[in-house]
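*Asks:* The structure's right below; bear with me while I get my questions together.
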Amino acid sequence: MNGSQWTAQGGRMYEKIQPLLENLHRNFLETRNNITCDIQKLYDKDPLGNVLIDKKKLEKILLLSYVCNSQAEYQRGFHHMVMLFQLMVEHDHETFWFFHFFLQKTEHSCVINIGVSKNLNMLNDLINFMDPVFAEHLRGKGAGTVQSLFPWFCFCFQRAFKSFEDVWRLWEVLLTGKPCRNFQVLVAYSLLQMVREQVLKESMVGNDILLACNNLIDLDADEVISAACLVYAELIQKDVPQPLKDFFL
């Protein structure tokens, strides 16, 4: 069966099993509505009017992912991730498996009810260990800031980079598992270090720190990756607490 036949067959199968899915999955209709709403906001054409993505296919891939992966329920941001995968491969089934491969290889680090909270907690522990001065400020005037950085992980840093190529460059590194597990937390730490001097100099409070973090856009992926690798190199030279060692090593 070639790619076009697979796609057509998949579409017919989806139409047949949709009533069953609605009965078996309590939140199916709500999830479908959320997916439809998110997808409608996407730009599906380039400046010349050429269609970039097929929104109906994207919707079906996201719904199939939702019903096939009980661990990772649909969340806002998945539509952006799957759209990028859809741009990279030719067939829908490749997009589906690529997305699930990414989730598995990154230990579901971008999934709210699995990896995001753990990432935030370990980011906080990393700051406490590597930068006590900054950690003290974040506990005081910046209380709650670290826990509010969840979009970095949910969107896998898509909003921080200047191009799709930069986003994919980071994702490639995450897929390799090198130089360590959970590299995304070292990336987040490196981004925080970019605003550290300003935060301490101006004695910023939580909302201002978040604004400074949200203004980190159009970044170069190689520079961010290099900075995170330097943090890792520094980390492994220290007597690392066991929780951090278990998380990264």
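We did not get these values from a lab; they are worked out from the coordinates using the rules stated. Source: prediction; values computed, not measured. All Cβ positions, glycine included, derive from the backbone under ideal geometry; neighbour counts span all protein chains shown.
*Asks:* With no solvent and one point per C-alpha, what does the Debye sum give as log10 I(q)/I(0) for the chain at q = 0.13 Å⁻¹?
*Replies:* Here log10 of I(q) over I(0) equals -0.87.
*Asks:* Measure nothing but the geometry: give the 0 to 90° angle between the long axis through the Cα atoms of 3-24 and the longest principal axis through the Cα atoms of the chain, rounded to 10°.
*Replies:* The angle comes out near 80 degrees.
*Asks:* In this model, which of Lys105/Lys162; Lys118/Lys178; Lys60/Lys178 are farther than 31 Å apart at the alpha-carbon?
*Replies:* Beyond 31 Å: Lys60/Lys178.
*Asks:* What number, in percent, do you get for the relative contact order of the chain if the mean sequence gap of Cα pairs under 8 Å and at least 6 apart is divided by its residue count?
*Replies:* 16
*Asks:* Just to confirm the number: angle between the C-alpha axis of helix 28-40 and the first principal axis of the chain, 0 to 90 degrees, nearest 10?
*Replies:* Helix 28-40 sits at roughly 80 degrees to that axis.
*Asks:* 5 Å is the cut-off here: which amide hydrogens, built 1.01 Å from N in the peptide plane, fall below it relative to Phe161, excluding neighbours closer than 5 in sequence?
*Replies:* Here the answer is Asp218, Leu219, since their amide H atoms fall under 5 Å of that of Phe161.
*Asks:* Round to the nearest 10 and give me the degree value, 0 to 90, for the angle of helix 92-105's Cα axis relative to the longest principal axis of the chain.
*Replies:* 30
*Asks:* Sort the following peptides by mean Cβ neighbour count (other Cβ atoms within 10 Å, averaged over residues), highest first: 237-243, 85-91, 133-139, 59-65.
*Replies:* Packing proxy ranking, top to bottom: 59-65, 133-139, 85-91, 237-243.
*Asks:* For the range 129-249, take every pair of Cα atoms, bin their distances at 5 Å starting from 0, and report each bin as a whole percent.
*Replies:* Spelled out bin by bin, the range 129-249 gives 2, 10, 21, 23, 21, 16, 7, 1 percent.
*Asks:* Give, rounded to the nearest 20 debye, the magnitude of the charge dipole that the chain has about its Cα centre when Lys and Arg contribute +1 at Cβ and Asp and Glu contribute -1 at Cβ.
*Replies:* The calculation lands at about 560 debye.
*Asks:* Okay, helix-only estimate at 222 nm for the chain: each DSSP H run of n ≥ 4 adds -39500 (n - 2.57), divide by all residues, round to 500 deg cm²/dmol; what do you get?
*Replies:* -20500 deg cm²/dmol
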